[in-house]
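Structure first, commentary second.
Taken together, the values in this text are just the output of simple stated rules run on the coordinates, not laboratory data. None of these values were measured; they are calculated from a predicted model. Reconstructed Cβ throughout: ideal geometry from the backbone, glycine too, with neighbour counts over all protein chains shown.
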Amino acid sequence: MVKVFTSSVINTNIDKVWMKIRDFNALPNWHPAIANSAIENDEPSDKVGCIRNFNLKEGGNIRERLLALSDLDYFYSYLILESPMPLKNYIATLQFKPITDGNLTYAEWTATFDCDRQEEENLIKLVGDGVFQTGFNSLNQIFIE
């Protein structure tokens, strides 16, 4: 099993960050790699079990199921159902914590998955840098104050 861990500091308070990303269907509003997204079967985007179906700007479609969401602990977890990436058993958690010194936000995005050994290094870089860090960088651009 492969584990990817990426963390960052977002330059605004946690409530602003959470309101921007809480909606499981909001990826196109803050992540630059996402072209569009829809929740299947017209379910609420904060309903555990709902499925988001989104397209990447560079091509490719991904379907993910929401596993958990907590407004109290500022996190959600999800699993990939379908993806063009050569991985399986992918489960990720996106979590935020307040940094009281400066009214900032600590952001942490983790994932575990299985893949062929020859794909491991490439996928760690793709997920950690291409997905997670790119998302954090975008949030910091949105919240330039």
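In table form, for the structure just shown:
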{"read-out": "Loop sites in the stretch 16-115: GluC sites (Glu not before Pro), DSSP, at most 16 other Cβ within 10 Å", "value": "Glu58"}
{"read-out": "³J(HN,Hα), Karplus 6.51/-1.76/1.60, whole Hz, each residue of the stretch 71-78, x for Gly, Pro", "value": "6, 5, 9, 6, 8, 9, 10, 8"}
{"read-out": "Solution diffusion estimate, µm²/s, Stokes-Einstein, the stretch 75-116, Kirkwood Rh from C-alpha pairs, 25 °C, viscosity 0.890 mPa s", "value": "206"}
{"read-out": "Restraint check, Lys57/Lys97; Lys57/Lys125; Lys20/Lys88; Lys3/Lys57; Lys20/Lys47, Cα-Cα greater than 23 Å", "value": "Lys57/Lys97; Lys20/Lys88; Lys3/Lys57"}
{"read-out": "Nitroxide proxy distance, nm - points 7 Å out along Cα→Cβ at Lys3 and Ser70", "value": "1.8"}
{"read-out": "Backbone N under 19 Å from the Glu121 label point (7 Å along Cα→Cβ), restricted to the stretch 1-21", "value": "1-5"}
{"read-out": "Kirkwood hydrodynamic radius over Cα pairs of the chain, then Stokes diffusion coefficient at 20 °C and 1.002 mPa s, in µm²/s", "value": "138"}
{"read-out": "Dipole magnitude of the chain about its Cα centre (Cβ charges: Lys, Arg +1; Asp, Glu -1), debye to nearest 20", "value": "40"}
{"read-out": "Dimensionless Rg over Rh [the stretch 94-145; C-alpha; Kirkwood]", "value": "1.11"}
{"read-out": "Two-decimal log10 I(q)/I(0) for the stretch 1-52, as the Debye equation yields it once each C-alpha is a single scatterer, q = 0.18, 0.30, 0.31, 0.32 Å⁻¹", "value": "-0.77, -1.10, -1.12, -1.14"}
{"read-out": "DSSP-loop trypsin sites (Lys or Arg not before Pro) across the stretch 1-61, with at most 13 other Cβ within 10 angstrom", "value": "Lys47, Lys57"}
{"read-out": "Gap separating the Cα centres of the stretch 50-94 and the stretch 103-126, nearest whole Å", "value": "13"}
